1. Based on this model, can you work out whether Thr342 counts as in a strand (DSSP E or B), in contact with a Gly (Cβ under 9 Å, 6 or more places away or on another chain), open to solvent by less than 40 Å² (accessible area, probe 1.4 Å) and more than 16 Å from Gln311 (Cα to Cα)?
2. Which ones in the stretch 116-138 are within 20 Å of Pro318 (Cβ to Cβ) and modelled with pLDDT of 75 or more?
3. So if I check each of Leu281, Leu257, which one is within 19 Å of Phe157 (Cβ to Cβ) and surrounded by 19 or more Cβ atoms within 10 Å (Cβ to Cβ)?
4. Quick check on my filter: what residues within the stretch 177-186 are modelled with pLDDT of 90 or more and either open to solvent by 20 Å² or more (accessible area, probe 1.4 Å) or under 21 Å from Ala402 (Cβ atoms) (or both)?
5. Can you tell me how many residues within the stretch 136-161 are among the acidic types (Asp, Glu) and either in contact with a Ser or Thr (Cβ under 6 Å, 6 or more places away or on another chain) or part of a loop (DSSP other than H, G, I, E, B) (or both)?
6. Which of the residues belonging to the stretch 37-48 are open to solvent by 20 Å² or more (accessible area, probe 1.4 Å) and of a type outside the set (S, T, N, Q)?
7. Restrict the check to the stretch 297-309 and report whether at least one residue is more than 30 Å from Ser22 (Cβ to Cβ), open to solvent by 70 Å² or more (accessible area, probe 1.4 Å) and not in a loop (DSSP other than H, G, I, E, B).
8. Count, please, the residues in the stretch 158-171 that happen to be crowded, with 18+ Cβ neighbours inside 10 Å and over 12 Å from Lys186 (Cα atoms).
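The values are calculated or read from the model by the stated rules, or taken from the named source; none is laboratory data. As the structure is a prediction and not an experimental result, all values here were calculated from the model. Neighbour counts run over all protein chains shown; Cβ positions are idealised from the backbone, glycine included. Surface accessibility is based on the protein's heavy atoms, side chains included, excluding ligands, DNA and RNA. Shrake-Rupley method; radii C 1.70, N 1.55, O 1.52, S 1.80 Å.
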Amino acid sequence: MFKQLVMATVLAVSITAQADLSQSVKFYQEKNYSQARAEFAHLASLGNAGAAFNLGVMALYGEGETKDPVRAYAYFLFAHQLRHVKAADVLQQLSTTVTESQQQQAQRMSVQLLQHSIPVYSANEPAPAHQEVFRTTLRRDHPKYPVEAAKNGISGFALAKLVVDQQGNVVYVNTQYGLPDLTFAKATEIALRRWKYSPSPVISIHTVRMEFSLDPVNPQSAERQKLRNTQIQLLHQQAWPGALAGSARQQLFLAGLLDYLQNQSRTYALMNQPISTPPTLADLSHAIDEGKSHTMPAFMGEAFLVVNATQQLQSVQPITGTVPLRAGESMAGLAQGVYKITPQDLNYGKSAPVVYATEQMHIESMLTAPMEWTSNYWLDQAARNGDLTAQRARAVNQPYWAHYLQQQHDPEALGWFAIELLSQNKVPEAKAAFDKAKKAGFRSSSNLDELFD
C-alpha cells in the first residue's frame with residue numbers, strides 16, 4: 001500500500017510535465033533507470049520538489065540501484081524542504097523502519113543536497129543589492145500595437161531590460177518575459193530604443209514593463225471585463241491544472257496570467273499550507289491603494305510591515321537598503337494589516353529628479369494572497385522545471401538564478417554579466433566577460449559593441 005501511495009505521487013507530479021521531466025518519466029517507465037535518475041538529478045539540483053521525490057522512490061525500491069533507505073530518506077527530506085505535498089506523509093511512514101542513526105545520516109545528506117541546489121523559493125524575497133541608477137526619462141515613445149494582436153483582441157505585457165550609455169541613449173534592449181509569450185517583444189524593443197535619459201557618469205541598466213491593452217483608458221470597460229473573464233477561464237481550465245501537474249509550459253503561462261490579472265507589486269504572498277484551488281476573478285480584483293505619507297524619521301530602505309490589532313509591528317521583512325524598524329515598535333495610525341514602506345519622493349509624478357523627505361516615509365497597504373496565487377511563485381516553479389525563459393526572467397531580480405545561468409554558459413546571462421561589470425567601471429573584467437559571452441552566442445548590437453571598444 002505504501003508503494004502504491006508513493007508511485008501514485010510520482011505519476012501525478014511527473015507524467016504530464018514539461019519535456020525534460022516527462023522524458024525522465026518515460027525513461028523510468030521503460031526501466032531505463034540510469035537515464036531517468038540522471039534527468040531527475042538535474043531537475044532536483046534546480047530545487048524541483050517532484051524530481052527530488054522521485055529520486056527518493058527509486059532509492060527506496062532499488063530501481064536501477066541497490067536499495068538504500070538512508071538515501072531515500074534524504075531525498076524525501078529534501079523534497080519536504082522544497083514543499084512537496086506528500087513528502088511529510090512518506091517520511092512519517094518511513095520513520096518506523098529507518099533507525100535514528102540512519103535518520104541522522106540522511107539529515108546530513110539532505111543538507112548537502114540543499115547546499116548544491118538552487119536556493120529554496122521564499123515568498124516576498126528581498127530584491128538584489130544592486131539597484132538601478134536613477135536617471136530622468138527625457139523621452140518616452142509608446143509602442144505601436146502589433147496589427148495581428150489588435151485584430152485578434154490580444155492584450156498583454158512585455159518586460160524588457162535595457163542599457164543606457166553616459167549620454168542617455170538606449171544602446172541595447174532585450175525582452176525577458178511577456179504574455180502571451182513574446183507577442184509584444186518586437187514592438188516593445190523598437191519603442192524603447194527611441195527613449196532618452198538624462199546624462200550620467202556611468203552606463204546604467206534599467207527594467208521597463210510595457211502594458212498592451214485595447215482599452216487602456218477605461219479599465220472597467222465591457223471589453224476589458226470580457227478579456228479578464230476569458231483569461232480567468234484559461235486559468236481555470238488549462239493553466240492551473242497543467243501547472244499543478246508539473247508542466248513547465250503551463251506554469252509559465254499561469255505566471256503570465258496572474259501577472260496580468262492581479263497587481264503583483266501590491267500583493268503580499270502568504271506561505272501557509274499549500275493550496276490546490278485556483279483563485280476566482282473576484283480574488284484577483286481589488287482597488288489599488290495609492291498609499292499615504294507617514295510622519296517618522298526617514299531611512300533609505302524598503303520593507304514589508306505586518307501590523308497587529310494594537311498598532312504594533314508584528315514583523316518586519318526588509319526588501320532593500322537599511323531598515324531600522326523592529327518587531328514590537330508602535331506604528332500609530334496604521335490599522336491591522338500588511339504594508340509596504342518606502343522612502344517618500346517629494347517629486348513623485350513630476351519631471352524632476354528624486355528628492356526624498358527627511359521626516360516622512362511612504363506607506364501603502366498590501367493585498368494578501370496565498371503564495372500559489374502569485375505570479376512569482378509559478379514563474380519560479382517553471383524555472384525549477386527547466387524552462388529557460390522562466391530562468392532568464394527570474395535572473396532579472398534574483399542573482400542566484402543569474403549565477404546559475406552563467407555557470408551553464410547561457411549567452412544572455414553571460415552578456416548581462418559583462419554589462420553589469422562595465423556599469424561598475426570594471427573595464428578589463430567587462431571586456432573579457434563580453435568576449436566570452438559573444439563566443440557563447442550572445443547577440444549584441446553595434447551600439448553596445450562600441451561601449452566595449
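1. Numbers: in a strand (DSSP E or B): yes; in contact with a Gly (Cβ under 9 Å, 6 or more places away or on another chain): yes; open to solvent by less than 40 Å² (accessible area, probe 1.4 Å): yes; more than 16 Å from Gln311 (Cα to Cα): yes.
The answer is yes for Thr342.
2. Filtering the stretch 116-138 for residues within 20 Å of Pro318 (Cβ to Cβ) gives 119-132.
Once the filter is applied, which keeps residues that are within 20 Å of Pro318 (Cβ to Cβ) and modelled with pLDDT of 75 or more, the stretch 116-138 yields Pro119, Val120, Tyr121, Ser122, Ala123, Asn124, Glu125.
3. Working: Leu281 fails: surrounded by 19 or more Cβ atoms within 10 Å (Cβ to Cβ).
Every option except Leu257 fails the conditions.
4. Step one: of the stretch 177-186, the residues modelled with pLDDT of 90 or more are 183-186.
If the condition is that a residue be modelled with pLDDT of 90 or more and either open to solvent by 20 Å² or more (accessible area, probe 1.4 Å) or under 21 Å from Ala402 (Cβ atoms) (or both), then Thr183, Ala185, Lys186 are the ones that fit.
5. As a first pass, look at the stretch 136-161 and keep what is among the acidic types (Asp, Glu): 141, 148.
Now restrict to residues that are either in contact with a Ser or Thr (Cβ under 6 Å, 6 or more places away or on another chain) or part of a loop (DSSP other than H, G, I, E, B) (or both): 141.
Adding up the residues that qualify gives 1.
6. Result: Arg37, Ala38, Glu39, Ala41, His42.
7. First, pick out the residues of the stretch 297-309 that are more than 30 Å from Ser22 (Cβ to Cβ): 297-309.
From the residues that got through so far, the ones that are open to solvent by 70 Å² or more (accessible area, probe 1.4 Å) too are 297, 300, 309.
Then drop every residue that is not not in a loop (DSSP other than H, G, I, E, B), which leaves none.
No.
8. The qualifying residues number 8.
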